[in-house]
Amino acid sequence: MTASELSPIIPSADTPLWRPSAERIERAHLTHYMRWLRTEHGLDFPDYESLWQWSVTEIEAFWASIWTYGGLRAVTPYHTVLAERRMPGARWFEGATLNYADQMLCHASKPGWSDRPAIIFRSERTARREMSWGQLAAQSGALAATLARLGVQQGDRVVSYMPNIPETMVALLAVTGSGAVWSSCAPDMGSAGVLDRFIQIEPTVLIAVDGYRYGGKDFDRQDVVRELVAKLPSLKAVVFVPYLNDAASLGESVVLPAQADQPARHVPVVLWTAALAQPAAFKPRPVPFDHPLWIVYSSGTTGMPKPIVHGHGGTVIEYLKAMRLHCNLGEDDRFFWFTSTTWIMWNMTVSALIPGSTVLLFDGNPGYPDLDTLWQFVAQERATFFGLSPAFVQLNIKNGMRPSERFDLSALRTVGATGSPLTEDAYRWIYAQVHPDILLASISGGTDPNTAFLGTCPIAPIYAGEMQARGLGCAVYAYDDAGAPVFGEVGELVCAQPLPSMPLYFWGDTGGHRYFESYFDMYPGVWRHGDWLKLIRRPETVTGVIYGRSDSTINRHGIRMGTSELYRVVEGFDEVADSLVIDLEYLGKDSYMALFVVLREGITLDVTLQQRLMDAIRTQLSARHVPNGVFAIAEVPRTISGKKLEVPVKKILLGQPPEKACNRSAMANPGSIDWFIDFAAKRAAVQG
């Protein structure tokens, strides 16, 4: 697809919305790093773009400089920065041993830091509370000792069914500090979505809450926890956190009756208070640079969610770069990103501990009881960094919100945004109604690469609708169909050089075939991310605009899910013979997702059936993935080999000419596409 085949966008004006002051540039950690490179290595870069070019050309020297400048804590040193420039299969910093949790908590042992706040937390359920660096280290040590007593060993998987609360941060640090592998799902996910993820990785211990509160309503999850225990036969124990109800209990064990293929089981349950009752010093276990740290999930369009494995070393060195040089965080910052524990942004939030920043957590509905909630939290806690979603910004715009007139946001220095593209109007609203002198850190990258391919640059100006720059070390380009870089037109977002933060592998992917097919099948040796990107040459940097997904992955408000997960729920209905789901979240506009169903003979799509389908998706997968509309169709368009034509249908619904979106000769049922052409025309007419 070329730029002309995408819906047009009005280009940004050539005048920046904002420029950093000379004082900001002088104070920026990025400026200090560039001076350090000049003093220590004789490298003089006149601007960010020349620094970026060096970082993607001399990649070994660049990442070695981050190791040194960032103060990476290693028990044993590396002997080689990068064994070979190749993707997949790059081997970074061989010989080094370290631990992610050790780097996160390195400030706790500094003089005067024990009583400083590491976490400040608020929620719909509980009153405000703080956790100091000393308490965070102490609780992480106590829980790590308990996990060891429960039999958790290095490399075992420990999974979390917990909301965005301090206990979840403690659990992550305890698990990874032990050398075990972390994986997380938020409790607003139903059992089907959680099991699709966790069953693949055979966890040893489950850490779970009894429930949560959202939008003023309580959601008890004890039955879901019992179901998870019953359907995860690898579990040896449960650590249970009474969060919704202080008196909640699963008993001393979860008793599972004998089945035809397995004997009765008694899975012991340890209450959170008991798990922390016995003090133990926090002693992170050194592991190799490429030891698995956590498993996150990003879905393709077929099969189970992909269990993506990131490593200790790659994550540490990436966040040493990102938090200081790009986000410009330091010891006096208060970092807040509204997120869910299912999303990689939660992992990033925990990683704000690296520069010694205080992490702000909020658990609940950002719009309850009204849109003042998060702004009030940001103002009262003097947040210096506030990360939000484009959907939240659009909601504020529609409701005529003017936060700066009603709240003291003077402490804010940076506003972050990710999950979907941020529109030009959203950029302008932030500067007009939030703060006139902030760094707007609109970023794109995410779960798969564990980095921001494009993002923020504290020393460069900001243009409406454009991300400021390509990330240091990220050899990001827009490729045309022939694999040639293009500027000023839309192409496939690619990364042409390896990064330490890229996935080690997919769990259970013997031979690495699924990993290869996910990123490297279009351009051999080059990572294809699956986004449409336009790069724009500006005087100071090369900026970027994301035009949406180039594949059919559902991306609802920043939470990605494969269509196959939804199909398993929908097609589980006796009334449904087949289905197709198309997500049209595009360029920051309101997300619109349509579910098309082929009904069995004699069945009609009445209001009752529509509601049952939506309720099943809400309870078994996620409320975020409930479609905006359900429509009955005669048949699902398929290829000759039987695959659903999700991407061609999506292109048609986005307005691309049908003859360019779909090759009828490759279809098993070419006439089926006519319904969608008519549907797109009618929808376009209604929208004007």
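The values are calculated or read from the model by the stated rules, or taken from the named source; none is laboratory data. This structure is a prediction, so every number in the text was calculated from the model and none was measured. Positions of Cβ are backbone-derived with ideal geometry, glycine not excepted, and every protein chain shown enters the neighbour counts. The accessibility values were calculated without ligands, DNA or RNA, using every heavy atom of the protein model including side chains. Shrake-Rupley method; radii C 1.70, N 1.55, O 1.52, S 1.80 Å.
Couple of notes before you dig in:
- Rg and Dmax of segment 265-417, Cα atoms only, in Å: 18.9, 59
- 26 Å Cα-Cα reach of residue 236 towards lysines, excluding residues that sit fewer than 8 places from it in its own chain: 283, 306
- Candidate aspartates and glutamates for bridging to residue 217, where Cα separation is under 16 Å - those fewer than 8 sequence places away on the same chain excluded: 124, 188, 363, 370
- The mean sequence distance of close C-alpha pairs (under 8 Å, at least 6 residues apart), as a share of the length of the chain, puts its relative contact order at 14 percent.
- Here segment 12-133 is treated as a Stokes sphere of Kirkwood radius computed over C-alpha pairs; at 37 °C and 0.692 mPa s its diffusion coefficient rounds to 178 µm²/s.
- Those aspartates and glutamates that a straight Cα-Cα span of less than 16 Å connects to residue 644, excepting residues fewer than 8 apart in one chain: 551, 565, 571, 578, 583, 635, 674
- Global size of the chain as Cα Rg and Dmax, reported in angstrom: 24.7, 78
- For the pair residue 484 and residue 632, a Förster radius of 56 Å applied to the C-beta separation gives a FRET efficiency near 0.80, rounded to the nearest 0.05.
- The share of C-alpha pairs in segment 100-258 whose separation exceeds 27 Å stands at 25 percent.
- Added length on full extension, which subtracts the Cα-Cα distance from 0.36 nm per residue, residue 402 to residue 264: 43.8 nm
- Pairwise centroid distance, computed over Cα atoms, of segment 595-653 with segment 235-266, Å: 36
- A full extension of the chain between residue 19 and residue 130 corresponds to an added length of 36.4 nm, given 0.36 nm per residue minus the alpha carbon distance.
- Gained length - residue 592 relative to residue 281, 0.36 nm times residue gap less alpha-carbon distance: 106.9 nm
- In segment 443-500, Cα pairs under 8 Å separated by at least six residues give a relative contact order of 24 percent.
- Relative contact order %, segment 295-445, counting alpha carbon pairs below 8 Å whose residues are six or more apart: 18
- Ellipsoid equivalent to segment 187-336 - semi-axes via the Cα gyration tensor, in Å: 31, 21, 19
- Accessible surface of the chain [probe 1.4 Å, protein heavy atoms]: carbon and sulfur percent: 51
- For the chain, accessible area per residue (1.4 Å probe, heavy atoms of protein chains only), Å²: 37
- Kirkwood hydrodynamic radius of segment 184-260, Cα pairs, Å: 13.1
- Kirkwood-type hydrodynamic radius, segment 459-572: 15.9 Å, calculated from all non-identical alpha-carbon pairs.
- Other residues lying with their Cβ under 15 Å from the Cβ of residue 20 contribute a combined charge of 0, Lys and Arg counting +1, Asp and Glu -1.
- A convex hull fitted to the Cα coordinates of segment 116-199 yields 93 cubic angstrom per residue.
- With both labels modelled 7 Å from their Cα along Cα-to-Cβ, the residue 38 to residue 601 distance reads 8.0 nm.
- Residue 382-residue 246 FRET efficiency (beta carbon distance; Förster radius 51 Å; 0.05 resolution): 0.95
- Calculated FRET value between residue 571 and residue 522, using beta carbons and R₀ = 30 Å, to 0.05: 0.55
- Rh (Kirkwood; distinct C-alpha pairs) - segment 610-688, Å: 14.0
- Separation of the residue 618 and residue 60 label points, Cα + 7 Å toward Cβ, nm: 5.7
- Approximate spin-label separation residue 659-residue 154, in nm, with each point projected 7 Å along Cα-to-Cβ: 6.4
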